[in-house]
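Engineer: A single structure is presented below for examination.
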């Protein structure tokens, strides 16, 4: 019974949009390359914040850059949330009603909204 | 007249806690090394997000990591805001009442609160 | 064709958990009475903020109260989001794949995350 | 000694822009009437959310309204923060350097940024 529940959870973690193995919970993000580049740019922006502090740049200029990084991260989060809803969540709902996956989705939205 | 205003602005951007030149708006953050290390850790966390996407990790795990990065960035922002208030803003208020600097401070807080 | 799309949209807006008419997009929230009471308490908290300003209460005390109102609103938003995902979104996905409804869901999450 | 600290704190809570008694920590907000009206509108908006739930309105429409209430609250918070910085904080800095008041300010900003 407990095992069955675990299997349902594993199945729920798979993604309709891609050829993934539920056991490993692997999900290839659609347009993965573009998403990777987007996060790489954010990595560069954080490096920019680091340089600004090292170069004694004006506080407000650093804070403006931090605000931009936060916005960029929110953009990536919404993109991954969207992929997750279109993929994993949709699949789980079709397969088993998706109760667990929807609960998990709301948990992460709660963290991101704060 | 306009020049005088500009000079007031420059003076306001200097920091009481450090030996800086107002003309260049340079502000050395107190405990700069610790702050730099903190941002370097955030850079590493963003690199972690990047790897998770490349390795096809589960969407919700990636989003949890993004949420952690946002919290860490907020922590750094509050620290720099605090330095700015204790340093630049305090000095400007003592020198010229600080009207400009307070306006600027509120502008960046508005961005960070959103 | 356009009419068919509109009908799909209407259907998507209905809720599995309740007996609603899709044409009117009416959705009775589960545990509606508890939710109404929760929002009524928030209304009271906002009235509290109003009184604090009228009674010249200390700025930081008012801001603390505003912060509490925002948290309470986030709690209600997450609850309604959860109802929406468990109800309307799940139903739409089962009926027509739910593409429109998922897009709409992400739009509102984007606004709430900001 | 402890008493002296308390007195410093009380003094710090007074507002330069208005005729207030530090002992009572009373601060009349500048443009108080406009601010009260703004909060009254927010109270009305929360009442609107309440009605929408009672009338079984569509989840996403309710969430859009909640998002608008949050934005309006942020606007009021920034206004009061601005009054506080221009008034109480500025005065405290001029009087005693303002260490306590700046610490308190950062505490509330941290809560509002989250």
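The values are calculated or read from the model by the stated rules, or taken from the named source; none is laboratory data. In this text, all values refer to a predicted model and were calculated from it rather than measured experimentally. Note that we place each Cβ from the backbone using ideal geometry, even for glycine, and neighbour counts take in every protein chain shown.
Engineer: What are the pairs, 6+ residues apart or on separate chains, where a residue within region D:55-75 that is surrounded by 20 or more Cβ atoms within 10 Å (Cβ to Cβ) has its Cβ under 7 Å from a residue that is assigned to a loop (DSSP other than H, G, I, E, B)?
Structural biologist: Sorted first by the residue in region D:55-75, then by its partner, the pairs are D:58/C:13; D:58/C:25; D:58/C:27; D:59/C:27.
Engineer: Of all residues in region A:95-105, which are at negative phi and surrounded by fewer than 18 Cβ atoms within 10 Å (Cβ to Cβ)?
Structural biologist: Passing the criteria: A:95, A:96, A:99, A:100, A:103.
Engineer: Now a separate question. Tell me, yes or no, whether region A:33-40 has at least one residue that is within 29 Å of residue D:109 (Cα to Cα), at the interface with chain B (Cβ under 7 Å from one of its Cβ atoms) and touching a helix residue (DSSP H, G or I) at 6+ places or on another chain (Cβ under 9 Å).
Structural biologist: yes
Engineer: Pick from region C:76-94 the residues that are touching a helix residue (DSSP H, G or I) at 6+ places or on another chain (Cβ under 6 Å) and more than 8 Å from chain D (Cβ to nearest Cβ): which of them is surrounded by the most Cβ atoms within 10 Å (Cβ to Cβ)?
Structural biologist: Step by step, filter region C:76-94, then rank; the result is C:89.
Engineer: Please work out which residue is modelled with the highest pLDDT, limiting yourself to region A:14-32 and to residues that are within 9 Å of chain B (Cβ to nearest Cβ) and assigned to a helix (DSSP H, G or I).
Structural biologist: A:32
Engineer: On to the next question. Quick one: count up the residues across region B:41-54 that are at the interface with another protein chain (Cβ under 7 Å from one of its Cβ atoms) and either over 17 Å from residue A:40 (Cβ atoms) or crowded, with 17+ Cβ neighbours inside 10 Å (or both).
Structural biologist: Qualifying residue count for the region: 6.
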